[in-house]
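For reference, the structure discussed in these notes is given below.
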Amino acid sequence: MKYEPVIGLEVHAQLLTRAKIFCGCSTKFGSEPNSNTCPVCAGFPGVLPVLNKKVVEFAIRAGLATNCEIAPFSRLARKNYFYPDLPKGYQISQYELPVCANGYIDVIVNGSSKQIHLTRIHMEEDAGKNIHDQRSDSSLVDLNRAGVPLLEIVSEPDIRSAEEAGHYLRSLRAILQYLAICDGNMEEGSFRCDANISVRPEGSQTLGTKVEIKNLNSFKAVEKALEYEIKRQSETLSDGGTLIQETRLWDENREVTRSMRSKESAHDYRYFPDPDLLPLVIDKTWIEEIRASLPELPQARKNRFESQYALPAYDAELLTSRKDVADYFESAVKIYPNPKSISNWIIGDLFRVLKERKLDEQLYIMSWPLQSTQMAELVRLIDEGTISGKIAKTVFDAMLDSSRPPREIVAEKGLEQVSDAASIEAAVEEILAANPKQVSQYKSGNEKVFSFLVGQVMKATKGKVNPQKANEILRQKLSQPI
Amino acid sequence: MNLHALTLHEAAEKLRKHEFSSQELTDSVFHRITQTDDKIHAYLTLCRDAALNQAKKADQRLRQGNNPPPLLGVPIAIKDNFLTCDIQTTCASKILGRFIPPYDATTIKKLRADGAVFIGKTNLDEFAMGSSAENSAFFPTCNPWNIERVPGGSSGGSAAAVAADQCLAALGTDTGGSIRQPAACCGIVGLKPTYGRVSRYGIIAFASSMDQVGPMTKDVEDCALLLEAVAGYDSADSTSVNRPVPHYTDAFTGNIKGLRLGIPKEYFVSGMQPEIDRAVRDAIRLLEANGARIEEITLPHTEYAIAVYYIVATAEASSNLSRYDGMRYGHRAPAADLIETYMRSREEGFGPEVKRRIILGTYVLSAGYYDAYYLKAQRARRLIKKDFDDAFHGCDAIVTPTAPTTAFKIGEKTQDPLQMYLSDIYTISVNLAGLPALSLPCGFDATGLPIGLQIIGQPFDEATILRVAYAYEQSTPWHKEKPGL
């Protein structure tokens, strides 16, 4: 029997507010342990939470961008459990009345668009971090992260493959990045994902036994863990086995999931409305103000790139999956309108450099290794015939980390393409004279040596001759009797 | 002159006239404590050096004049569930260990700014859970009127300290009657303000939706002054309400002509000590003689109040007390692993009544019971609130007894929690409804124990209940009586 997976994802996105959700402490990552703390986020006696308005604004932005209904009345609730990284013994979250509900995002899977629905988006505080000290056999607690605002974004079980899950996550992350509310860094934990997955016989409408997978620290981990779990569950059922409702952990090294706890040992969180915080009342004017301030979102921008710049869907998708890259592209195109070439340079060369320098892990690249104006000028030089595409690669490398215009670099290094017939003829004649053997081979019908001879011309001229012209002249000379 | 015997407003006036200094006044209070507190046990912590230092600074400010605040240089006692920066705060629990707060509660900050002198921290029922101060993890406090009797609770230490002249006034907190019931037991004035009137920031939380800070004083005028000093919006407390604080003593016209006072029939039932019934009815007659119109009213859901309260309050408490886990501060028992650390620290740190309420609160919030208990209690709570809303269409304030009995014997009810819970039968509805209410002395029983009269007001209308209380106090001698210590 063939089985169909049914997948829903829960994303925790850390918000880019300067202050924590219930106190004024900084949310800065990587500070000295316990330096970004105060009595409120350290759970001292007597303290009270005060909701950071920016967090609500960010939640509304996320909700509007994902077609959610924004609740005019919602509540913060306490989720009670004991853990050393949870200073109050409860997490302030939302339960019955989340701030956003009933949304969807469009995800492109195998070239066609699919709607993945969102059950809800709610606000909550992050916990601190336990650090296990191997040497002293003790645990330390860092509360810097305690109280950092999170959005929990819960999808409906609309996802039908590991690949689809990957697309959903990337699209969701792009939206949050466009909104400038989350940096989307999975490795650093600012964008975390838990997956719920069950399988059922293809064609069946009833849901199978659900398993929750945790510890998914990269897009790859999500996809691999889901693939593993689809296989495990399908095989178990095929073999006549039964599945149990449980939470499983993804083991990155062994690439397997293993059981963490069963449903029976699941916590009873005893949610109830937090009496320290008033019900959250959001008025329509505020929602409309926020709606009016939303930026163009990835989907819309991708469509526009395809129509306005005649880019293939592949290019448009890649360029718009990051807002800063899309901005970069558009500013280059404004200077020199050859969108496809500029796109090729960005996707082929610039992305490689960004990846090497790990700049692609940032939400916004503040200092690009190459300015968009220079990128545009470089393409212009190629199109004008001033430099060859090959030479352009050298110029590109020389332009990195300098603000010098490419024309200047070309002039200084003497990299202009040689296109005048006399110079090329001289170069060709020299090569022909130096390689009589290959010339006679060519004349006796060996086509292959032609490219060798072209290569020799290019080499002798350090690649500066216009390759098309060199070809022409070479053929012409070779067709003449010696 | 026995300076410690002065009221707050008398002392404030004399300090301004430089009849004596704040240091002399403070000395007198500490002298009184030395003389009496081995019998009363009102204080958990005394801060003599810091207090004398505050008094010295107050004297400098008093010399400068400039219309000083009424609290300047006045010795105040503070219930030990207020966080006081650098002064040990125990909440009468062992779980807090030797906890020294790193910050001041907002109300404490206000009093500091006004130049009040902090005498010390007073005893209470552990985590403010109780009606007799016997649930203190350290020792019980005795009633100054009869040291074999309880002072009431949970603010028993503050009430006893005020009654015994061990301070000029005190701060308490009231979640189900914890200011008013001990005020009644000790023959003083105690006021629980409207929920949201005074900041809760820095008060060790018991039941967040009901906890309020309030004054415990020797007379009604003091009560108005201390309330005015601590009331007001606090951006650190989302449940505090942003509306101006009136000048409460302006309400002291002495005139209550035409004011409609509601008498809820559900509050005069069998089980009440007959002397209390008599004293309260006398008080009502006196108020009527002074021009008030007496209206019988009904609060039909009164009978559910205790049950509702013990669901809502314990649910909130079970969560509020989770932070006492032995991790960051307070008591941590040595143990082999994390779970054992939690279990042993909390087992050793909390007393029996606190444990009882954590268990009850955990139960009513549990999956499968939440709807039957917590949600149902919330619905009943709304009905109780609505009873008052309806009643206030026909009256301006409500007059009732504060407690069904005068101070009972130490140990009398410790084995019977339910009997203990009934001590708050007249005060608890007020907390559920978030209303302001005041207790003031209205007589004595046959054994000489004080009786309290409760006046309940509309939301944020503390002025009216103070006005009624002041008018009553002006025509009665009760507040001038002192226990023979």
(request) In Å and from the alpha-carbon atoms only, list the Rg and Dmax of chain A. (result) 29.6, 101
(request) Could you pull out which residues in region A:18-44 have an amide N less than 18 Å from a spot 7 Å beyond the Cα of residue A:133, following the Cα-Cβ vector? (result) A:32-35
(request) Take peptide B:338-344, look around each residue's Cβ out to 10 angstrom, count Cβ atoms belonging to other protein chains, and average those counts. (result) 2
(request) Among the listed pairs B:17/B:482; B:39/B:480; A:284/B:109, give every one whose C-alpha distance is greater than 31 Å. (result) A:284/B:109
(request) Go through region B:70-87 residue by residue and turn each phi into a ³J(HN,Hα) via Karplus (6.51, -1.76, 1.60, θ = phi - 60°); whole Hz please, and just put x for glycine and proline. (result) x, 7, 4, x, 9, x, 10, 9, 10, 4, 7, 10, 8, 6, 10, 4, 6, 10
(request) Note down the nm distance, to one decimal, between modelled labels 7 Å out along Cα→Cβ at residue A:1 and at residue A:294. (result) 4.2 nm
(request) Would you kindly state how much longer the chain becomes between residue A:335 and residue A:416 on full extension, computed as 0.36 nm times their sequence separation minus their alpha carbon distance, in nm to one decimal? (result) 27.0 nm
(message) Using a 10 Å cut-off around each Cβ, can you sort A:107, B:29 from fewest to most neighbouring Cβ atoms?
(response) A:107, B:29
(request) Rank the residues B:204, B:456, A:181 as a footprinting-exposure proxy: fewest other Cβ atoms within 10 Å of their Cβ go first. (result) A:181, B:456, B:204
(request) Please give the residues of region A:309-327, grouped as numeric ranges, whose backbone N is less than 20 Å from a label point set 7 Å along the Cα-to-Cβ vector of residue A:106. (result) A:309-323, A:326-327
(message) I'd like the FRET efficiency for residue B:269 and residue B:485, computed as 1/(1 + (r/R0)^6) with the beta carbon distance as r and R0 of 41 Å, rounded to 0.05.
(response) 0.70
(request) Summarise the partner chain shielding of A:36-46 as one whole number: the mean count of Cβ atoms from other chains within 10 Å of each residue's Cβ. (result) 6
(request) Among the listed pairs A:53/B:192; B:265/B:385; A:28/A:129; B:56/B:192; A:302/A:323; A:79/B:94, give every one whose C-alpha distance is greater than 21 Å. (result) A:53/B:192; B:56/B:192; A:79/B:94
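What FRET efficiency, computed as 1/(1 + (r/R0)^6) with R0 = 56 Å and r the Cβ-Cβ distance, is obtained for residue B:63 and residue B:369, rounded to the nearest 0.05?
With a Förster radius of 56 Å, E is 0.35.
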(request) Report ³J(HN,Hα) in whole Hz for each residue of region A:370-380, in order, from the Karplus equation J = 6.51 cos²θ - 1.76 cosθ + 1.60 where θ = phi - 60°; Gly and Pro get x. (result) 8, 6, 5, 4, 5, 4, 5, 5, 4, 5, 4
(request) Straight distance only, please: which aspartates and glutamates reach the Cα of residue A:2 with their own Cα at less than 17 Å, same-chain residues fewer than 8 apart left out? (result) A:202, A:227, A:229, A:235, A:239
(message) Per residue of region A:392-401, what does 6.51 cos²θ - 1.76 cosθ + 1.60 with θ = phi - 60° give for ³J(HN,Hα)? Whole Hz please, x for Gly and Pro, Karplus curve as stated.
(response) 4, 4, 5, 4, 4, 4, 5, 7, 4, 6
(message) Quick check on packing: order A:164-172, B:433-441, B:286-294 by the mean number of other C-beta atoms within 10 Å, highest mean leading.
(response) B:433-441, A:164-172, B:286-294
(message) I need the calculated FRET efficiency for the pair residue A:281 and residue B:19, taking r as the beta carbon distance and R₀ as 56 Å, to the nearest 0.05.
(response) 0.55
(request) Work out the mean other chain Cβ neighbour count within 10 Å for the residues of A:81-90 and drop it here as an integer. (result) 5
(message) If packing is taken as the average number of other Cβ atoms within 10 Å across a peptide's residues, how do B:101-113, A:284-296 rank, most packed first?
(response) B:101-113, A:284-296
(message) Test of understanding: ordering A:472, B:266, B:347 by Cβ neighbours within 10 Å, fewest first, what list do you get?
(response) B:347, A:472, B:266
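Read-outs: derived from the displayed coordinates by stated rules, not from any lab. Quantities reported herein were computed from a predicted structural model and do not represent experimental measurements. Here the Cβ is made from the backbone with ideal geometry for all residues, glycine too, and neighbour counts use every protein chain on show.
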